[in-house]
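Undergrad: Below is the structure I would like to discuss, written out as structure tokens.
The values are calculated or read from the model by the stated rules, or taken from the named source; none is laboratory data. Small disclaimer: the values here were computed from a predicted structure and weren't measured. Note that each Cβ is placed from the backbone with ideal geometry, even for glycine, and that neighbours are counted across all protein chains shown. SASA here: full protein model, heavy atoms, side chains in, ligands and nucleic acids out. Shrake-Rupley method; radii C 1.70, N 1.55, O 1.52, S 1.80 Å.
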There are 2 protein chains.
Amino acid sequence: MAEADSDPTLLISGGGGGGGSERRSLPDSLHVNGGDGAYSYTRNSYYQRSGANGVKETIKGAITMKFDVEKLCSRSNIISIADLGCAVGPNSLNSMQDILHFIRTKYGLQCPKSDKTLEFQVFFNDQPSNDFNTLFTSLPRETPYFVAGVPGSFHRRLFPASSIHFAHCSYALHWLSKAPKELLDNNSSAWNKGRVHYTNASDEVVRAYATQFAKDMEDFLCARASEIVNGGMMIFIMPGIPDGMPYSQLAASVMYEFMASIFMDMADEGLVSEDEVDSFNLPIFTPSPEEMAAIVEKNGQFSIETLELTNSASLVDGRVDIKDWVVHVRAAMEGMFIKHFGSDIVDEMFDRLTKKLFMFSE
Amino acid sequence: MAEADSDPTLLISGGGGGGGSERRSLPDSLHVNGGDGAYSYTRNSYYQRSGANGVKETIKGAITMKFDVEKLCSRSNIISIADLGCAVGPNSLNSMQDILHFIRTKYGLQCPKSDKTLEFQVFFNDQPSNDFNTLFTSLPRETPYFVAGVPGSFHRRLFPASSIHFAHCSYALHWLSKAPKELLDNNSSAWNKGRVHYTNASDEVVRAYATQFAKDMEDFLCARASEIVNGGMMIFIMPGIPDGMPYSQLAASVMYEFMASIFMDMADEGLVSEDEVDSFNLPIFTPSPEEMAAIVEKNGQFSIETLELTNSASLVDGRVDIKDWVVHVRAAMEGMFIKHFGSDIVDEMFDRLTKKLFMFSE
């Protein structure tokens with residue numbers, strides 16, 4: 001989400017395939033703002049696009065070097081691509097356009113004399129509560145691929161076995177399927193009182209988050225391993241943290257700390273209750289390359305071809321427009337705050353957040 | 001649409017498959033009411049369901065007798081089903097559930113000892129302006145098939161070549177891609193002044209409608225012929241008229257005549273302009289079995305396995321609740337009236353329509 005651009009980005013591309021057909025059920029509570037209003041994701045997602053653009057060359061390289069189009073379309077001329085956690089566009093459309101172009105180019109290199117015309121089917125996936133109407137009506141009249149929208153959590157199976165050739169997942173995997181429940185238990189050492197995230201929290205809280213992330217990733221990888229054909233490829237791009245760096249040094253962490261302190265102020269002022277603050281935890285986790293590699297290796301169904309951590313703008317180097325950044329965060333997260341705290345306090349919280357971040361960056 | 005239940009229903013099932021990959025572009029102006037409010041299609045579509053239920057046994061028979069599941073899933077265990085013109089549910093979900101059940105049963109009969117588990121992927125198609133959000137959020141949490149929504153006109157290609165095993169289209173094909181343009185030309189003998197449909201109109205008007213329907217059906221059949229695998233099956237259910245029966249004897253025609261006369265009254269009262277009435281034509285056509293057979297045979301890419309005309313309730317036999325029927329018509333058509341006449345006159349028009357139909361049926 002928005003924090004992606006002011007923090008490092010983790011890109012991982014892997015190939016896999018194989019059996020299994022289990023299904024898992026997970027709650028559907030996370031979706032970005034729909035429509036095209038002032039706080040819509042449609043209008044406020046160019047930080048995410050900028051992050052995705054930064055890794056475009058890497059995707060191109062992975063497809064050119066490792067994606068065997070000739071082999072994959074030997075039995076039919078259909079290439080199926082899935083964008084997992086597509087939100088409402090327009091970033092997803094741009095990424096799909098790029099990937100399709102890279103695959104076509106690779107096929108041209110592999111089979112310059114072929115008269116076979118590849119047909120592409122692109123599956124846009126997100127939670128059922130995602131605004132698919134906005135996504136569908138924003139599509140150009142003519143696309144060089146057949147369009148399908150797939151509602152459902154990507155932590156479970158979404159497609160028939162061995163039916164996807166290329167899966168792409170951009171700025172979505174850092175969203176946990178849920179906040180770990182022990183954070184809410186005041187008898188647990190992982191009780192996350194007075195915070196909204198694991199930044200600066202106890203080791204137990206960090207461990208609860210990391211465990212939930214590992215479980216979600218395992219679910220994700222198992223589902224994809226069933227769905228992706230042998231020789232297929234998956235690329236995911238998400239916020240990352242350098243191995244060994246304290247979480248508190250991430251720009252996003254600074255923001256989460258500010259959110260917590262704003263909510264505690266608001267509790268003092270009687271605008272929200274302290275219980276409401278204690279029981280709210282952002283279901284977001286930022287892994288390091290080392291953690292990510294360990295999870296993928298433990299799962300064992302994909303081989304890692306590339307794992308990169310890219311640098312992006314920092315909150316204090318003047319390259320991030322704070323006001324704009326907060327609107328981006330709001331487009332991505334507002335729904336969660338409204339659901340927990342009600343809609344009345346959201347304007348106030350984001351106003352205070354903008355002010356705090358301004359003061360911090362000066 | 002709603003007229004389906006008070007008029008005969010045409011069911012046609014055919015098998016086909018084969019080449020071609022042309023794409024056609026058509027306007028996207030027809031969609032039923034979304035959401036789940038008082039005039040929503042979700043709440044007001046049980047007449048269509050009743051029509052679809054009436055032909056359930058025929059669909060079961062066609063699948064049991066003619067759909068070779070064993071052969072179709074010999075290379076993979078995936079069966080792809082498309083529902084074309086699905087609207088927002090719930091009828092589409094019920095139909096898909098039934099079809100899936102019939103296919104599973106047929107497979108059990110064909111391969112009683114098979115340990116292969118069939119996987120189903122269901123593509124719900126409708127215009128991009130259809131309310132897919134309502135459709136997706138109304139889906140049960142667990143479905144026995146993988147879900148995908150496909151936005152686009154079914155008069156053009158929607159899927160990769162040879163990728164669909166079974167296509168279903170219920171109460172959608174009677175919607176033309178557009179009203180024939182000569183109806184608007186006051187220099188043409190097909191100028192449809194003072195009417196909203198071809199009922200009781202000149203032969204030229206009827207011919208313009210029939211020609212547009214034949215063209216739309218040809219586009220539809222060509223697109224499906226490319227998409228449906230060899231040995232696949234398509235079933236469509238739509239309002240029909242017995243061969244040789246005058247259009248004016250259909251219950252729906254009575255309603256269209258009433259609509260025209262209400263609009264002319266409203267023009268006299270200055271509520272709408274006469275030009276507005278003259279330039280509005282419902283893009284709906286009801287074919288006879290003979291016409292339908294001729295169109296399918298001329299296209300030549302499908303063989304007709306069954307073509308049935310079923311009888312349903314009549315407006316005057318007391319089996320149709322007029323008020324209810326008008327709400328159904330409204331759920332399906334309101335958007336078109338609002339687009340042309342503005343939203344102000346819609347309540348008034350449907351109120352007057354209900355009254356006129358009551359008087360007629362007494």
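Undergrad: Would you confirm, using the coordinates I've provided, whether A:Asp275 is at pLDDT below 90 and out of contact with any His (no Cβ under 8 Å at 6 or more places or on another chain)?
TA: no
Undergrad: Out of (1) among the acidic types (Asp, Glu); (2) within 25 Å of B:Met259 (Cβ to Cβ); (3) in contact with a strand residue (DSSP E or B) (Cβ under 8 Å, 6 or more places away or on another chain), what's the single condition that is false for B:Glu204?
TA: Every condition holds for B:Glu204 apart from (3).
Undergrad: Checking A:Thr117 against (1) open to solvent by less than 30 Å² (accessible area, probe 1.4 Å); (2) facing chain B (nearest Cβ under 10 Å); (3) more than 21 Å from A:Val329 (Cα to Cα); (4) not basic (Lys, Arg): exactly one of these is not met. Which one?
TA: If we test A:Thr117 against (1) open to solvent by less than 30 Å² (accessible area, probe 1.4 Å); (2) facing chain B (nearest Cβ under 10 Å); (3) more than 21 Å from A:Val329 (Cα to Cα); (4) not basic (Lys, Arg), just (1) comes out false.
Undergrad: Another one. How many residues are at the interface with chain A (Cβ under 9 Å from one of its Cβ atoms), part of a loop (DSSP other than H, G, I, E, B) and closer than 24 Å to B:Met234 by Cα if we restrict to the range B:128-144?
TA: 3
Undergrad: Against the conditions (1) open to solvent by less than 50 Å² (accessible area, probe 1.4 Å); (2) more than 30 Å from A:Asn186 (Cβ to Cβ); (3) of a type in the set (D, E, K, R), where does A:Asp278 fall short? Just the number, please.
TA: The failed condition is (2).
Undergrad: In this structure, does B:Ser92 turn out to be more than 10 Å from chain A (Cβ to nearest Cβ), open to solvent by less than 30 Å² (accessible area, probe 1.4 Å) and of a type outside the set (A, V, I, L, M, F, W, C)? It would help to see each step written out before you state the result.
TA: Values: more than 10 Å from chain A (Cβ to nearest Cβ): yes; open to solvent by less than 30 Å² (accessible area, probe 1.4 Å): yes; of a type outside the set (A, V, I, L, M, F, W, C): yes.
Against the criterion (more than 10 Å from chain A (Cβ to nearest Cβ), open to solvent by less than 30 Å² (accessible area, probe 1.4 Å) and of a type outside the set (A, V, I, L, M, F, W, C)), B:Ser92 qualifies.
Undergrad: Within the range A:67-87, is even one residue part of a strand (DSSP E or B), of a type outside the set (Val, Ile, Thr), open to solvent by 20 Å² or more (accessible area, probe 1.4 Å) and within 13 Å of chain B (Cβ to nearest Cβ)? Lay out the reasoning, then the answer.
TA: So the first thing to find is which residues in the range A:67-87 are part of a strand (DSSP E or B), and the list is A:78-84.
Keeping just the survivors that are of a type outside the set (Val, Ile, Thr) gives A:80, A:82-84.
Cutting the leftovers down to open to solvent by 20 Å² or more (accessible area, probe 1.4 Å) gives us none.
For the range A:67-87, residues part of a strand (DSSP E or B), of a type outside the set (Val, Ile, Thr), open to solvent by 20 Å² or more (accessible area, probe 1.4 Å) and within 13 Å of chain B (Cβ to nearest Cβ): absent.
Undergrad: Restricting to the range B:156-178, count the residues that are more than 7 Å from chain A (Cβ to nearest Cβ), surrounded by 24 or more Cβ atoms within 10 Å (Cβ to Cβ), over 11 Å from the mean Cα position of the chain (by Cα) and assigned to a loop (DSSP other than H, G, I, E, B).
TA: Going through the range B:156-178 one residue at a time, the tally reaches 0.
Undergrad: Okay, moving on. When residues of the range A:145-155 are filtered for being part of a loop (DSSP other than H, G, I, E, B) and either touching a helix residue (DSSP H, G or I) at 6+ places or on another chain (Cβ under 8 Å) or facing chain B (nearest Cβ under 9 Å) (or both), how many remain? Show your work before the answer.
TA: Of all residues in the range A:145-155, those part of a loop (DSSP other than H, G, I, E, B) come to A:145, A:152-155.
Filter once more, keeping what is either touching a helix residue (DSSP H, G or I) at 6+ places or on another chain (Cβ under 8 Å) or facing chain B (nearest Cβ under 9 Å) (or both): A:145, A:152, A:154-155.
Going through the range A:145-155 one residue at a time, the tally reaches 4.
Undergrad: A follow-up question, please. When you scan the range A:220-248, how many residues do you find that are under 19 Å from B:Phe146 (Cβ atoms) and open to solvent by less than 10 Å² (accessible area, probe 1.4 Å)? Outline the logic, then answer.
TA: Kept after step one, since they are under 19 Å from B:Phe146 (Cβ atoms), are these residues of the range A:220-248: A:220-229, A:232, A:234.
Cutting the leftovers down to open to solvent by less than 10 Å² (accessible area, probe 1.4 Å) gives us A:220-221, A:223-228, A:232, A:234.
Selection size over the range A:220-248: 10.
Undergrad: A follow-up question, please. Can you confirm whether B:Thr199 is under 23 Å from B:Met333 (Cβ atoms), among the β-branched types (Val, Ile, Thr), out of contact with any strand residue (DSSP E or B) (no Cβ under 8 Å at 6 or more places or on another chain) and open to solvent by 10 Å² or more (accessible area, probe 1.4 Å)? Reasoning before the result, please.
TA: Values: under 23 Å from B:Met333 (Cβ atoms): yes; among the β-branched types (Val, Ile, Thr): yes; out of contact with any strand residue (DSSP E or B) (no Cβ under 8 Å at 6 or more places or on another chain): yes; open to solvent by 10 Å² or more (accessible area, probe 1.4 Å): no.
When the stated conditions are applied, B:Thr199 does not pass them.
Undergrad: Test each condition in (1) more than 9 Å from chain B (Cβ to nearest Cβ); (2) assigned to a strand (DSSP E or B) for A:Trp191 and report the one that comes out false.
TA: In the conditions (1) more than 9 Å from chain B (Cβ to nearest Cβ); (2) assigned to a strand (DSSP E or B), A:Trp191 misses (2) alone.
Undergrad: Just a yes or no: is a residue in the range A:174-196 of a type outside the set (A, V, I, L, M) and in contact with a Gly (Cβ under 9 Å, 6 or more places away or on another chain)?
TA: Kept after step one, since they are of a type outside the set (A, V, I, L, M), are these residues of the range A:174-196: A:174-175, A:177-178, A:180-182, A:185-189, A:191-195.
Next cut, in contact with a Gly (Cβ under 9 Å, 6 or more places away or on another chain) only: A:174-175.
Checking the range A:174-196: at least one residue is of a type outside the set (A, V, I, L, M) and in contact with a Gly (Cβ under 9 Å, 6 or more places away or on another chain).
Undergrad: Something else: Any residue in the range A:312-338 that's buried (at least 20 other Cβ atoms within 10 Å of the Cβ) and in a helix (DSSP H, G or I): show its pairings with residues that are modelled with pLDDT under 80 and of a type in the set (Phe, Trp, Tyr) at Cβ separation under 6 Å, as long as the two are six or more apart or on different chains.
TA: Listed by first residue and then by second, the contacts come to A:His328/A:Tyr47; A:Arg330/A:Tyr39; A:Ala331/A:Tyr39; A:Ala331/A:Tyr41.
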